[in-house]
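K.L.:
Supplied in structure tokens, the structure appears directly below.
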Amino acid sequence: MKTEDQVERAIARYGDAVARVCVLHLKNQADAEDIFQTVFLRYFQKAPEFSSDEHEKAWLLRVAINACRDLLKSPWRRRVTSAEVLAELPAPANEEAGDLLDAVLSLPKKYKDVLYLHYYEGYTAVQIAEILDKNVNTVYTLLSRGRQLLKEKIGGAPDGQPVEGSL
């Protein structure tokens, strides 16, 4: 088992990233907080050894994603509709960033995950492939198709011209 100090250090370093992933997947603050606690409880109980800080962060994010998926698959969850949607998310720094995040969140899950991890968490395609247990070329394809869908959603420029401030 990890010590309390180790868990507190991990929460201080990676808590924001884990919380964002939870809210992104669950779109519900209360469920996200439950999963957040579950992730760090597993961290405390399992006491995994990591080769680097990035490995530790990737492990925590992977556990968070898996726990969110498990919750979303549960039979109880399928029968209950939450009153909260994205209303409890903190307001973005500017309206354009908020619109872009809304557009990313509205994409199908397979694109949303890779785009979020790449652009908001700063992971490379190789790292995303390891986190999501996918082939690297699959991640490149998902990033490319996700960017295309995103451009269509936010009104990309005609004739393949880059959109100002776009991905």
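Yes or no, residue by residue, for (1) at pLDDT below 85; (2) closer than 16 Å to R62 by Cβ; (3) in a helix (DSSP H, G or I):
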site	(1), (2), (3)
A103	yes, no, yes
L107	no, no, no
H118	no, yes, yes
V126	no, yes, yes
E130	no, yes, yes
K134	no, yes, no
S144	no, no, yes
Q148	no, no, yes
L167	yes, no, no
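K.L.:
Identify the residue in segment 98-155 that is over 20 Å from A64 (Cβ atoms) and of a type in the set (D, E) and, among all such residues, is most open to solvent (accessible area, probe 1.4 Å).
P.N.:
Step by step, filter segment 98-155, then rank; the result is E152.
K.L.:
For segment 60-81, enumerate the residues that are assigned to a helix (DSSP H, G or I) and either at pLDDT below 90 or open to solvent by 30 Å² or more (accessible area, probe 1.4 Å) (or both).
P.N.:
R62, N66, R69, D70, L71, L72, K73, P75, W76, R77, R78, R79
K.L.:
Also: Scan segment 30-58 for residues that are buried (at least 17 other Cβ atoms within 10 Å of the Cβ) and either touching a residue at least 60 places away in the same chain (Cβ under 8 Å) or over 18 Å from V114 (Cβ atoms) (or both) and jot them down.
P.N.:
Of everything in segment 30-58, those that are buried (at least 17 other Cβ atoms within 10 Å of the Cβ) and either touching a residue at least 60 places away in the same chain (Cβ under 8 Å) or over 18 Å from V114 (Cβ atoms) (or both) turn out to be D31, A32, I35, F36, T38, V39, F40, R42, Y43, E56, A58.
The values are calculated or read from the model by the stated rules, or taken from the named source; none is laboratory data. Predicted, not measured: the structure shown is a model, and the values here were computed from it. Methodologically, a virtual Cβ is constructed for each residue, glycine included, from the backbone with ideal geometry; neighbour enumeration extends over all protein chains shown. Ligands, DNA and RNA are stripped out before the accessible areas are found, and what is left, the full protein with its side chains, is counted by its heavy atoms. Shrake-Rupley method; radii C 1.70, N 1.55, O 1.52, S 1.80 Å.
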